[in-house]
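Participant: Here you go, one structure.
The values are calculated or read from the model by the stated rules, or taken from the named source; none is laboratory data. Since we're looking at a predicted model, the values are computed, not measured. Glycine gets a Cβ as well: all are built from the backbone with ideal geometry, and neighbour counts include every protein chain shown.
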Number of protein chains: 2
Amino acid sequence: MERVKARTLSGFMELLPQKQKQFDRVREILEKTYSLYGFTGLDTPVIESSEVLLAKAGGETEKQIYRFTKGDSDLSLRFDLTVPLAKYVALHYNELSFPFRRYQIGKVYRGERAQRGRFREFYQADIDVIGDGKLDIINEAEIPAIIYQTFTALGLNRFRIRINNRKILNGFYAILHWDHRAADIMRVVDKLEKIGAEKVGLMLHDDLGLDQDAVGEIVKFISIRGSNQEVLDALREYQGQNETFDLGLSELETVAKYLDAFGVPQDHFAIDLTIARGLDYYTGTVYETVLLDHPEVGSVCSGGRYDNLAEYYTEKQLPGVGISIGLTRLFYVLEEQGLLNDDLPTAPADVLILPMTEDLSPAIAFATLCRAAGVRAQLYTEPKKFKAKMNYADKLSLPFVAFLGDDEVQKGAVSLKDMVSGEQVQVSLSEAPGWLKVRVDAKNQGAPIRE
Amino acid sequence: MERVKARTLSGFMELLPQKQKQFDRVREILEKTYSLYGFTGLDTPVIESSEVLLAKAGGETEKQIYRFTKGDSDLSLRFDLTVPLAKYVALHYNELSFPFRRYQIGKVYRGERAQRGRFREFYQADIDVIGDGKLDIINEAEIPAIIYQTFTALGLNRFRIRINNRKILNGFYAILHWDHRAADIMRVVDKLEKIGAEKVGLMLHDDLGLDQDAVGEIVKFISIRGSNQEVLDALREYQGQNETFDLGLSELETVAKYLDAFGVPQDHFAIDLTIARGLDYYTGTVYETVLLDHPEVGSVCSGGRYDNLAEYYTEKQLPGVGISIGLTRLFYVLEEQGLLNDDLPTAPADVLILPMTEDLSPAIAFATLCRAAGVRAQLYTEPKKFKAKMNYADKLSLPFVAFLGDDEVQKGAVSLKDMVSGEQVQVSLSEAPGWLKVRVDAKNQGAPIRE
């Protein structure tokens, strides 16, 4: 027979079972945390009409799209979860209640140049709160709490949520009378961390033609540092000159004020006047999250407040605030850095049941008992030598093995071996599932990430 | 601004939030049940190289494929989860341990003609056990238990698992010396339920040219009815004439023998000599599952034993047994038939928290307490009238509303209203999350389907 070489496309993450289990655990924690904050899960199609999906797109994004025709239809694979959300809210507007809070964890597609750590198929894990016409600032204040809770639940502690407010930036550039070049200025300021304040100043002057006064003011502004209180105090010096600035500052103060009540420690949160998150979409608070020990990774959870989610589909004004975690990339980084907690079980079953009698009924009945008790049980009946069976249990890291021989069957018991400690005990059939459940649950305690 | 009409492609299921919650609940039960039987979850890419994905395909399937080029690559969307499994096992053979038990619940794509209840993007929920060279018959005997447990956990009781064995059919046609036309004969016999035994006999004679003796034997064979014991007894009459037949009968006896130990009631299981499940892939036990009150739906869970999972990719002999649930279609049918249990909560949160004080800190702190206790809490801070807020809670079917006014804040308490009973009580802040948790858990008891 002619054979085809089995392969998986480059840029597509395909995990071995044990890694997949670790991935799924991370994913479950995101789902659970998002749910605790009252977000409802959505699952929109991977394929959309190109006309709908690309209503807004252009430039770099459009080039990366997986776009094709099927019959008469011009179709595209979604490249993020925001555009499908905009479509969903516009389409189902009359059936939804606002504020509408949804999470979605799903695969998106971008035909990027293949390179290490870059994926063409990857999961995004998004939450958004959408208002109808208006949306209260408290929703923006709640986002850092959700980020904090999510990362903490994963087992991370060495991270910081950075926030800024676009109204402050826009207002500040208006005070300088350079608001007509605000987008270009922000693009330069965005390089601050890479090139330093001096070079940013040079670029603003040489490339954008800003006068030395303006450059000086900008460099002074983006150099504002200190505790959140100190940054807010410094910002108050600019108050009273521009309405947008003042509104932004008041929003930022509200966000900072409620941190304690939301349970976010001050040291996991920093006001950072240098972040802007893209050019024309965000209009209020913006968020980034950095791993303190891995700044090279960039932001692992970003987002912000926007005024118009679905303007390409509806005249309805739908403001919102949202964040996105690039789950596939985050998992890749955590794995590369050796941060995954390998002590948590990744085996497909909690117990491997080895029948040692010709009639398999007792072993099968025991497997049925285990499953009824919530213990994941696998029957192993392949006609192999004992050593091969134990090797199998070892290779899969199965935590327990159960032996059912004539002796056990006669006594109504089962022999249970802890594959880590090597300890072996005989337990009555009725008590064995409970015996296993307690121990299995104990092994499953702990977060999927260990710093 | 030029606007695009928001729409979702026909044949793509996109659910409103409450329905999505019901769908997710069904999906979670499949995942959980599959896990209890020791299957590990996989997540392979949606896109594969066409050369790999279509190594075997042809005819009707190939026409339905979503196939396109991106750069130099000829790509296709997966149309089932079996071919990606075959690729996975061939590719990762050296890193897997056999028997390899995996489940996968994922979207697959088929460009079928759009019609009611037919989907172009739909979930399949598969399990397979793959052996290396050999695979014990007990794996085939366990499958009915998994089907039974899965459907029972969903809340279904009015279903029956039908099984047959391809070796019995192949052996029987060999006894008649018509094994060279076995595939054609099975295709005709497959119509039995629709057209009756008489017409099947006519077609076998007129269309396939079988002599009257053979037709008579076949009609007699497929008319074998009765309890499992009676069918097995009838089959024993044919014993001793053909090795394949005898092997198939012995396999069928083994599968039937262990039903009790596996916890499958006899009345949920029927040996049915008329089912064959496709023509050349299955080689042993085959399964179908029918909803007794909705036979028109056809089989909702099918599969069987095969000898060669990955022959298009590897010379390794990889026998296996697997079943697949068409989850999207099943959900569609359950919803159409009004079988979804609408008593289970579908709200995005368990409690809606309404602050009635200017300082929101007490309400926020209470939300934080609730979440820490595993109660899904949503803060509602939009500046709306009281009635509008209660309407919002009603529309989302939020089970509880919490009020925090000056009175409550002073007392360190919160007023909790049960939105179903209308009952309202004041509970101390520290006790309130527990008070809610108990009641929320109680509301979540029950299966997602109610017959």
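Participant: When you scan segment A:353-433 for helices (runs of 4 or more DSSP H) that lie fully inside it, which ones turn up with 3 or more residues that are under 28 Å from B:Ala153 (Cβ atoms)? Spell out the reasoning first.
Facilitator: Values: elements: A:361-372, A:386-395, A:406-411.
Qualifying helices (runs of 4 or more DSSP H): A:361-372.
Participant: Name the residue, out of A:Ile105, A:Ile146, that is under 30 Å from A:Thr244 (Cα atoms), in contact (Cβ under 8 Å) with a residue 12 or more places away in the chain and of a type in the set (A, V, I, L, M, F, W, C). Don't jump to the end; show me each part of the working.
Facilitator: Values: A:Ile105 fails: under 30 Å from A:Thr244 (Cα atoms).
After applying the criteria, what remains is A:Ile146.
Participant: Against the condition at pLDDT below 95 and more than 7 Å from chain B (Cβ to nearest Cβ), how does A:Glu2 come out, does it pass? I'd like the intermediate steps shown before the answer.
Facilitator: Details: at pLDDT below 95: yes; more than 7 Å from chain B (Cβ to nearest Cβ): yes.
When the stated conditions are applied, A:Glu2 passes them.
Participant: Suppose we filter A:Val321, A:Val333, A:Val351 for residues that are aliphatic (A, V, I, L, M) and within 9 Å of another protein chain (Cβ to nearest Cβ); which single one remains?
Facilitator: Values: A:Val321 fails: within 9 Å of another protein chain (Cβ to nearest Cβ); A:Val333 fails: within 9 Å of another protein chain (Cβ to nearest Cβ).
One residue alone meets the criteria, A:Val351.
Participant: For segment B:331-385, name all the residues that are free of Cβ contacts under 8 Å to residues at least 40 places away in the same chain and aromatic (Phe, Trp, Tyr).
Facilitator: Within segment B:331-385, just B:Tyr380 meets the criteria.
Participant: I'd like to know if segment A:141-150 contains one or more residues that are assigned to a loop (DSSP other than H, G, I, E, B) and within 14 Å of chain B (Cβ to nearest Cβ).
Facilitator: Initial filter on segment A:141-150 (assigned to a loop (DSSP other than H, G, I, E, B)): none.
No.
Participant: Residue check, A:Gly11 against (1) among the small types (Gly, Ala, Ser); (2) out of contact with any strand residue (DSSP E or B) (no Cβ under 9 Å at 6 or more places or on another chain); (3) outside the structural domain of A:Asn308 (by TED's automatic domain parsing), all met but one. Which one?
Facilitator: (2)
Participant: While we're here: Looking at A:Thr69, is it of a type in the set (Val, Ile, Thr) and either within 21 Å of B:Thr328 (Cβ to Cβ) or surrounded by fewer than 20 Cβ atoms within 10 Å (Cβ to Cβ) (or both)?
Facilitator: Values: of a type in the set (Val, Ile, Thr): yes; either within 21 Å of B:Thr328 (Cβ to Cβ) or surrounded by fewer than 20 Cβ atoms within 10 Å (Cβ to Cβ) (or both): yes.
Criteria met by A:Thr69.
Participant: What about B:Lys417, is it within 14 Å of chain A (Cβ to nearest Cβ) and closer than 22 Å to A:Asp136 by Cβ? Walk me through it before giving the result.
Facilitator: Details: within 14 Å of chain A (Cβ to nearest Cβ): no; closer than 22 Å to A:Asp136 by Cβ: yes.
Criteria not met by B:Lys417.
Participant: Scanning for something among the acidic types (Asp, Glu) and more than 14 Å from chain B (Cβ to nearest Cβ), does segment A:293-301 turn up at least one residue? Steps first, answer last, please.
Facilitator: If we filter segment A:293-301 for residues that are among the acidic types (Asp, Glu), which is where we start, we get A:293, A:296.
Filter once more, so that each one left must be more than 14 Å from chain B (Cβ to nearest Cβ): A:293, A:296.
Looking through segment A:293-301, at least one residue is among the acidic types (Asp, Glu) and more than 14 Å from chain B (Cβ to nearest Cβ).
Participant: Here's something else I'd like to know. Of all the residues that make up segment B:101-127, how many are of a type in the set (D, E, K, R) and at pLDDT 90 or above?
Facilitator: Residues flagged as of a type in the set (D, E, K, R) and at pLDDT 90 or above within segment B:101-127 amount to 7.
Participant: In segment B:149-174, what count of residues is obtained for those that are free of Cβ contacts under 8 Å to residues at least 40 places away in the same chain and touching a helix residue (DSSP H, G or I) at 6+ places or on another chain (Cβ under 8 Å)?
Facilitator: Pass one, segment B:149-174, residues free of Cβ contacts under 8 Å to residues at least 40 places away in the same chain: B:152, B:173.
Okay, now just the ones that are also touching a helix residue (DSSP H, G or I) at 6+ places or on another chain (Cβ under 8 Å), so B:173.
Qualifying residue count, segment B:149-174: 1.
Participant: Moving on. If you check A:Val321 against the conditions, is it under 28 Å from A:Asn139 (Cα atoms), in contact with a helix residue (DSSP H, G or I) (Cβ under 7 Å, 6 or more places away or on another chain), at pLDDT below 95 and aliphatic (A, V, I, L, M)? Spell out how you get there, then give the answer.
Facilitator: Details: under 28 Å from A:Asn139 (Cα atoms): yes; in contact with a helix residue (DSSP H, G or I) (Cβ under 7 Å, 6 or more places away or on another chain): yes; at pLDDT below 95: no; aliphatic (A, V, I, L, M): yes.
Against the criterion (under 28 Å from A:Asn139 (Cα atoms), in contact with a helix residue (DSSP H, G or I) (Cβ under 7 Å, 6 or more places away or on another chain), at pLDDT below 95 and aliphatic (A, V, I, L, M)), A:Val321 does not qualify.
Participant: Still on this structure, please answer the following. Give me the pairs, please: first residue somewhere in segment B:8-37 and more than 30 Å from A:Glu51 (Cβ to Cβ), second residue anywhere and surrounded by fewer than 20 Cβ atoms within 10 Å (Cβ to Cβ) and of a type in the set (Gly, Ala, Ser), beta-carbon distance under 6 Å, and either six or more positions apart or on two chains.
Facilitator: Listed pairs, sorted by first residue: B:Ile29/B:Ala153; B:Thr33/B:Ala153.
Participant: Something else about it: Please count how many residues of segment A:302-318 are within 14 Å of chain B (Cβ to nearest Cβ) and either aliphatic (A, V, I, L, M) or in contact (Cβ under 8 Å) with a residue 60 or more places away in the chain (or both). It would help to see each step written out before you state the result.
Facilitator: As a first pass, look at segment A:302-318 and keep what is within 14 Å of chain B (Cβ to nearest Cβ): A:307-318.
Restricting the remaining residues to those that are either aliphatic (A, V, I, L, M) or in contact (Cβ under 8 Å) with a residue 60 or more places away in the chain (or both) gives A:309-310, A:312-314, A:316-318.
The total comes to 8.
Participant: How about segment A:15-29: which of its residues are out of contact with any Phe, Trp or Tyr (no Cβ under 7 Å at 6 or more places or on another chain) and either facing another protein chain (nearest Cβ under 9 Å) or aromatic (Phe, Trp, Tyr) (or both)?
Facilitator: Across segment A:15-29, the qualifying residues are A:Leu16, A:Pro17, A:Gln18, A:Gln20, A:Lys21, A:Asp24.
Participant: Restricting the search to segment A:183-200, which residues are assigned to a helix (DSSP H, G or I) and either in contact (Cβ under 8 Å) with a residue 60 or more places away in the chain or crowded, with 19+ Cβ neighbours inside 10 Å (or both)? First the steps, then the outcome.
Facilitator: Of the residues in segment A:183-200, the ones assigned to a helix (DSSP H, G or I) are A:183-189, A:192-200.
Those that are assigned to a helix (DSSP H, G or I) and either in contact (Cβ under 8 Å) with a residue 60 or more places away in the chain or crowded, with 19+ Cβ neighbours inside 10 Å (or both): A:Ala183, A:Ile185, A:Met186, A:Arg187, A:Val188, A:Val189, A:Leu192, A:Glu193, A:Val200.
Participant: Still on this structure, please answer the following. Is it the case, given these coordinates, that A:Ile127 is assigned to a strand (DSSP E or B) and buried (at least 20 other Cβ atoms within 10 Å of the Cβ)?
Facilitator: Considered against the rule, which asks whether it is assigned to a strand (DSSP E or B) and buried (at least 20 other Cβ atoms within 10 Å of the Cβ), A:Ile127 comes out as yes.
Participant: Can we say B:Leu156 is more than 14 Å from chain A (Cβ to nearest Cβ) and assigned to a helix (DSSP H, G or I)?
Facilitator: On the way: more than 14 Å from chain A (Cβ to nearest Cβ): yes; assigned to a helix (DSSP H, G or I): no.
For B:Leu156, the condition - more than 14 Å from chain A (Cβ to nearest Cβ) and assigned to a helix (DSSP H, G or I) - is not met.
Participant: If you go through segment B:278-287 one residue at a time, do you hit one that is of a type outside the set (Ser, Thr, Tyr), buried (at least 21 other Cβ atoms within 10 Å of the Cβ) and out of contact with any strand residue (DSSP E or B) (no Cβ under 8 Å at 6 or more places or on another chain)? Working first, answer last.
Facilitator: Taking segment B:278-287 as the starting set, the residues that turn out to be of a type outside the set (Ser, Thr, Tyr) are B:278-280, B:284, B:286.
Filter once more, keeping what is buried (at least 21 other Cβ atoms within 10 Å of the Cβ): B:284, B:286.
Next, from what is left, pick out any that are out of contact with any strand residue (DSSP E or B) (no Cβ under 8 Å at 6 or more places or on another chain): none.
No, the conditions are met nowhere in segment B:278-287.
Participant: Please verify whether segment B:328-349 includes one or more residues that are within 23 Å of the chain's Cα centre (by Cα), basic (Lys, Arg), assigned by TED's automatic domain parsing to the domain that holds B:Ile130 and not in a strand (DSSP E or B). Talk me through it step by step, then tell me what you get.
Facilitator: Here is the first cut: in segment B:328-349, the ones within 23 Å of the chain's Cα centre (by Cα) are B:328-346.
After this cut, where a residue has to be basic (Lys, Arg) as well, the list is B:329.
If we keep only those that are assigned by TED's automatic domain parsing to the domain that holds B:Ile130 too, we end up with B:329.
Those left that are additionally not in a strand (DSSP E or B): B:329.
Yes; the residues of segment B:328-349 include at least one that is within 23 Å of the chain's Cα centre (by Cα), basic (Lys, Arg), assigned by TED's automatic domain parsing to the domain that holds B:Ile130 and not in a strand (DSSP E or B).
Participant: Can you tell me which residues in segment B:242-274 are among the β-branched types (Val, Ile, Thr) and in contact with a strand residue (DSSP E or B) (Cβ under 8 Å, 6 or more places away or on another chain)? It would help to see each step written out before you state the result.
Facilitator: First, the residues of segment B:242-274 that are among the β-branched types (Val, Ile, Thr): B:244, B:254-255, B:264, B:271, B:274.
Those that are among the β-branched types (Val, Ile, Thr) and in contact with a strand residue (DSSP E or B) (Cβ under 8 Å, 6 or more places away or on another chain): B:Val255, B:Val264, B:Ile271, B:Thr274.
Participant: Being in a loop (DSSP other than H, G, I, E, B), more than 14 Å from every other protein chain (Cβ to nearest Cβ), surrounded by fewer than 22 Cβ atoms within 10 Å (Cβ to Cβ) and modelled with pLDDT of 90 or more is the requirement here; does A:Asn170 meet it?
Facilitator: On the way: in a loop (DSSP other than H, G, I, E, B): no; more than 14 Å from every other protein chain (Cβ to nearest Cβ): yes; surrounded by fewer than 22 Cβ atoms within 10 Å (Cβ to Cβ): yes; modelled with pLDDT of 90 or more: yes.
For A:Asn170, the condition - in a loop (DSSP other than H, G, I, E, B), more than 14 Å from every other protein chain (Cβ to nearest Cβ), surrounded by fewer than 22 Cβ atoms within 10 Å (Cβ to Cβ) and modelled with pLDDT of 90 or more - is not met.
Participant: If a residue counts only when it is in contact with a His (Cβ under 9 Å, 6 or more places away or on another chain) and not hydroxyl-bearing (Ser, Thr, Tyr), which helices (runs of 4 or more DSSP H) contained entirely in segment B:205-275 have at least 2 such residues?
Facilitator: B:212-222
Participant: Same structure again: Just give me the residues in segment A:38-47 being closer than 26 Å to A:Glu140 by Cβ and free of Cβ contacts under 8 Å to residues at least 40 places away in the same chain, in sequence order.
Facilitator: Answer for segment A:38-47, where residues must be closer than 26 Å to A:Glu140 by Cβ and free of Cβ contacts under 8 Å to residues at least 40 places away in the same chain: there is none.
Participant: Looking at A:Leu30, A:Leu77, A:Leu54, A:Leu42 in this structure, which one is modelled with pLDDT under 95, crowded, with 19+ Cβ neighbours inside 10 Å and in contact with a helix residue (DSSP H, G or I) (Cβ under 9 Å, 6 or more places away or on another chain)? Please lay out each step first, then the result.
Facilitator: Working: A:Leu30 fails: modelled with pLDDT under 95; A:Leu77 fails: modelled with pLDDT under 95; A:Leu42 fails: modelled with pLDDT under 95.
None of the others qualify; the one that does is A:Leu54.
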